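Values quoted throughout were computed directly from the atomic coordinates according to the rules given, and no laboratory measurement underlies them. Just so we're clear, the structure is a prediction, and the values are computed from it rather than from any experiment. All Cβ positions, glycine included, derive from the backbone under ideal geometry; neighbour counts span all protein chains shown.
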Amino acid sequence: MSLSTSVHRRSPLLLTLAIAAVVLIGFAIFTQVWTDKLWFDSIGFGTVFSIELITRLALFFGVGGLMALLVGGNMWLAIRLRPRGRRNGDSAVLDAYRRMLESNTWLAVLTPSIALGVLAGMSATSEVLPVLAWINAVPFGKTDPVFNLDYKFYVFEFPIWQSFLSFLLTAVSFSLIAALIVHFATGGLRAVRNLGRPQVTPAARVHLSVLTGVLLVLYGLQCLLDRYALLVGQGTLFTGVHYTDDHARIGAKLVMAVISFLVAALFFANPIIKRTIYPAAALVLMVISGLILTLIYPAVVQSFVVAPNQPDKENPYMQSHINMTRDAFGIADTEVTEYEAVTQVKAGQLKSDAEALPGIRLMDPAVIGPTYEQLQQVRGYYTFPDVLDVDRYTIDGKETDVVVAAREMNLAGLPDQNWNNIHTVYTHGYGLVIAYGNRRQTMGEPEWIVSQIPPIGKLPDHESRIYFGEQSTQYAIVGREEGQDPIELDTPNGKSNVYAGKGGVGIGDALTRTLYAARFMDFNLLLSDRVNSQSRILYNRTPKERVQEVAPWLTVDSNIYPALVDGRAVWIVDAYTTASTFPNSELVNLRNSSADTQSRMVGAQVDENINYIRNSVKAVVDAYDGTVTLYAWDDTDPILQAYERAFPGTVQPKSAISDDLLSHLRYPEDMFKVQREILGRYHMTNPYTWYAQSDLWQVPNDPVKANTDAKEPPYYLSIKWPGDENPIFSQTTVFVPRGRSNLASYLAVVAEATSPDYGKLRVLRMSDTHQIDGPGQTFNAINNDPKVAETLRPFLNQGAASATYGNLLTLPMGAGLLYVAPVYTMRQGNTGSYPALAYVVVRFGAYVGIGSTLQEALDAVFAGDAGANTGEQPSGTSTTSPSPNPSTSTSTSPTTTPTGSATANPAAVALLEKAQTAFEAADAALRKGDLATYQAKNDEARTALAEALKLMGR
């Protein structure tokens with residue numbers, strides 16, 4: 001009696017807990033969905049949210065409901081077909097299950113069917129994007145060589161049919177299993193020991209036979225579909241159809257489909273013939289036929305027909321694969337030129353390349369990040385990325401390659417990391433810092449184009465606050481009521497700011513605040529007085545996040561970059577449409593193909609296999625208000641066209657790109673890396689050569705990065721292609737033969753978006769008659785050169801300063817290949833140290849030169865006269881060699897003690913003393929973090945120094 005009472009008392013508690021769990025789960029789902037809606041509405045992409053949500057719900061309930069209907073319906077039918085006579089005693093478990101079926105039929109049927117339906121529905125929601133693409137698919141206008149089907153079928157339709165058939169096979173299999181269990185429990189199916197075979201009632205026989213027949217029909221359809229899978233599957237030589245596929249496997253799949261349909265017909269007829277042995281025997285024969293047709297027969301063809309004559313038999317299939325791979329990766333129009341690179345030098349050899357010399361970038365974005373940190377960070381709560389970016393700006397009427405970085409907020413550097421500081425005070429970074437790519441100051445620091453806080457320089461005024469950036473990983477609360485004091489830190493001098501942008505979601509009402517407090521599991525959003533009626537919450541603040549959220553069908557480039565466009569600081573994001581079912585195209589891993597020493601610093605690509613890629617979209621994210629704008633860059637791409645139809649109005653036409661924005665767009669890095677990986681083998685268009693692999697290229701390891709097996713990254717720089725009249729901004733890389741170190745070829749793509757040749761891939765193929773050293777051999781020769789060794793000895797022997805090589809650039813110049821590497825020096829044992837450009841090393845053929853400037857290094861190689869001026873114009877240029885121990889916390893000029901001709905000129909002496917005083921004042925200002933005074937005193941010192949040098953006749 002007491003036990004019964006205890007159970008009765010616990011029941012309301014369990015029911016209450018169950019209801020509470022349901023309410024909490026429902027509230028969590030509502031919170032996520034509703035806050036997502038608010039975010040998409042705030043950014044102007046509400047249609048993306050609604051279309052995705054409707055499609056997701058349709059798939060969940062459609063697929064889940066179909067699964068539940070099939071399983072539940074067959075269970076219910078099996079119960080209805082149970083024998084009228086009751087039998088007991090076979091098994092206690094079966095007896096209990098039978099009683100439950102009879103007394104709680106709906107519970108017994110609905111529980112497993114709904115559970116399976118929910119699982120199937122949840123799985124189906126992952127197919128939202130493929131389904132939308134399938135519904136809105138457009139043709140490619142090209143057909144495959146085997147079935148003569150438009151590529152549209154393979155890219156859009158084949159994955160959907162494959163998923164749908166897989167689902168139906170699973171659903172019918174579960175239905176068959178569920179029906180078997182119910183029939184066994186209710187007596188429709190019995191295992192009789194004496195008979196040695198199961199005993200089946202007529203009703204159960206009909207039910208199970210029909211289900212088995214349906215399963216076989218679906219299997220036959222799967223066999224028919226599998227024929228098309230051979231065009232996107234990995235074979236023995238490549239991805240796509242091989243000889244054995246075409247002559248054995250495709251036919252075998254067709255025969256197996258016919259056999260499966262015939263066996264299915266026997267099962268459908270079984271209720272009439274009432275001899276289960278016939279369809280069962282046919283099923284066994286089908287399995288044996290499958291082994292012969294799909295395994296043994298293709299193996300025989302491969303071993304005895306193909307293997308002895310593989311190059312000849314596979315020739316047309318290799319040709320088709322090569323052509324379609326080159327098409328899928330956008331390398332079909334690559335221009336290959338035989339290049340007889342000279343290795344001898346003579347005076348004036350670079351005269352015809354004079355215009356390209358100023359474009360040689362000496363500031364390495366992967367090295368000078370610490371220099372930006374020390375000279376432009378201002379406070380510890382600001383930061384710059386490890387790898388800076390290369391862009392182009394028109395300065396003084398001339399397009400100039402620059403190195404650019406955004407000064408973002410570094411929350412890890414806050415003196416007090418409390419909730420108010422993280423979310424309401426330190427809300428934004430401030431300004432882009434831009435320096436010339438080919439200039440330096442006297443002590444080797446970058447020469448600034450835009451610097452300081454607020455930014456000053458040679459570019460027009462612009463909105464400089466960065467609320468959305470790569471380091472903006474925490475949400476921020478912005479906005480103040482009228483009359484309230486501003487609380488957002490704006491500049492290091494203590495000035496505060498109130499956000500006036502349109503970004504973020506308003507959280508002025510109690511319900512929205514509660515929902516966001518639940519979303520972020522942060523009750524400070526409810527308790528803090530700093531959250532008011534005018535507050536807005538900024539989240540999903542990194543440019544990559546924002547683009548991926550509003551365009552989930554795009555794959556974003558791993559390296560985005562900031563730019564000043566139309567008076568705003570923006571982030572430019574290259575985005576790709578990709579596919580893994582493009583017919584007959586080689587399947588590659590996107591992460592592995594784009595990996596190099598730089599990707600280890602900026603982040604890896606997504607880990608997915610692809611065999612088609614297009615840079616279909618250029619995206620722009622405003623750094624102040626977070627606005628995302630998508631532009632259709634490759635509007636001929638059918639995948640882009642499909643998603644434009646799926647999400648109408650979300651992508652702007654290419655014509656909407658402003659001239660200012662267009663001048664900053666460039667050829668994307670990850671796509672170029674994938675293309676160079678493919679070109680390593682697919683530059684060979686002759687099937688026999690491709691098969692023999694006699695001319696394989698590979699990207700060399702980065703020679704500058706010691707103890708690494710990572711590939712050398714491609715470089716952005718302006719080069720003058722042989723035969724062209726003018727240099728153009730390009731992305732470049734080199735190849736070496738597989739397993740060798742000498743240079744095989746030089747690849748460049750026109751990266752300047754304003755050029756009519758944008759995206760043109762060009763290759764200089766080295767001659768086979770004489771060897772041109774590759775990057776590894778060149779770097780080794782540079783290190784072993786006596787003059788280089790002598791010059792750098794003070795930095796390589798554990799001294800007070802160390803030397804670091806920058807990127808080893810390769811340029812086609814002087815009818816050969818010119819290698820250029822900047823050398824940076826940095827004081828050791830100082831927490832404020834930073835790399836400063838001290839020397840430049842060049843190599844042409846076997847000749848190596850080093851100098852304090854590029855001009856000196858070139859003249860040293862080309863018999864004292866390179867024949868062209870490099871255009872180096874550092875402010876306050878000194879005629880002395882750079883100091884071997886540049887200060888790590890200042891930019892002080894070399895000692896200006898008057899000697900020589902200066903002592904004979906009192907005016908020069910006075911100017912030198914004035915310069916020295918100003919440099920000392922600049923050092924003091926920098927230590928205090930006063931960048932404005934630091935820059936002013938530096939400018940004053942350099943002006944005085946230049947005037948003194950002029951008076952001294954230098």
Considering only DSSP states other than H, G, I, E and B, which trypsin sites (Lys or Arg not before Pro) in segment 285-354 qualify as loop sites with at most 13 other Cβ atoms within 10 Å? Lys346
Dimensionless Rg/Rh of segment 249-302, both radii on Cα and Rh by Kirkwood, sits at 1.10
Expected unfolding gain across Ala863-Arg740 under the 0.36 nm per residue rule, minus the alpha-carbon gap, is 41.2 nm
Under 37 °C and 0.692 mPa s, how fast does segment 365-541 diffuse according to Stokes-Einstein, given a Kirkwood radius computed over C-alpha pairs? Answer in µm²/s, whole number. 186 µm²/s
Summing -39500 (n - 2.57) over the DSSP H runs of n ≥ 4 in the chain and dividing by its residue number, what mean residue ellipticity at 222 nm do you reach, to the nearest 500 deg cm²/dmol? -13000 deg cm²/dmol
Please give the Cα centre distance for segment 94-165 versus segment 243-264, rounded to the nearest Å. 24 Å
Between Ala20 and Val606, what is the label-point separation in nm under the 7 Å Cα-to-beta-carbon projection? 4.0 nm
When the dipole is taken about the Cα centre of the chain, and only Lys, Arg (+1) and Asp, Glu (-1) are charged at their Cβ, what size is it in debye, to the nearest 20? 4620 debye
Arrange the peptides 647-653, 58-64 so that the one whose residues have, on average, the most other Cβ atoms within 10 Å appears first. 58-64, 647-653
Taking the highest mean first, how do the peptides 414-426, 117-129 order by number of other beta carbon atoms within 10 angstrom per residue? 117-129, 414-426
Helix 906-927 versus the longest principal axis of the chain: what is the Cα-based angle in degrees, 0 to 90, to the nearest 10? 30 degrees
Assuming 0.890 mPa s and 25 °C, estimate D for the chain with Stokes-Einstein, Rh taken as the Kirkwood radius over Cα pairs, in µm²/s. 74 µm²/s
Give the Cα extents of segment 630-751 along the principal axes, in whole Å, largest first. 51, 36, 34
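If we sort 479-486, 850-857 on the protection proxy, mean other Cβ atoms within 10 Å, highest first, what's the order?
Descending mean neighbour count gives 850-857, 479-486.
Counting other Cβ atoms within 10 Å, keep those with at most 10, restrict to DSSP loop, and tell me which GluC sites (Glu not before Pro) in segment 661-726 are left.
Hits after loop and neighbour filter: Glu725.
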Residue separation between Asn323 and Thr943 times 0.36 nm, minus their alpha-carbon distance, gives in nm 217.1 nm
Between 0 and 90°, nearest 10: helix 775-784 axis offset from the chain longest Cα axis: 40 degrees
Would you mind getting me the FRET efficiency between Ile181 and Asp509? Use the beta-carbon distance for r and R0 = 45 Å, nearest 0.05. 0.25
Calculate, axis by axis, the spread of Cα positions in segment 25-312 along the three principal axes, and write the results as whole Å, longest axis first. 66, 65, 28
Sticking with the crude label model, points 7 Å out along Cα→Cβ, report the distance from Leu149 to Arg793 in nm, one decimal please. 7.2 nm
Can you tell me the FRET efficiency between Asp724 and Asp312 if r is taken as the Cβ-Cβ distance and R0 is 56 Å, rounded to the nearest 0.05? 0.85
Helix 669-682 sits at what angle to the longest principal axis of the chain, using alpha carbons and giving 0 to 90 degrees rounded to 10? 70 degrees
Treat each spin label as a single point 7 Å out from the Cα along the C-beta direction, and report the Gln484 to Asp416 distance in nm. 1.9 nm
Per the rule of 0.36 nm per residue minus the C-alpha distance, extending Ile272 to Asp386 adds in nm 33.4 nm
Check: C-alpha center segment 626-669 vs C-alpha center segment 724-750, spacing in Å is 29 Å
Val342-Glu102 FRET efficiency (beta carbon distance; Förster radius 60 Å; 0.05 resolution): 0.05
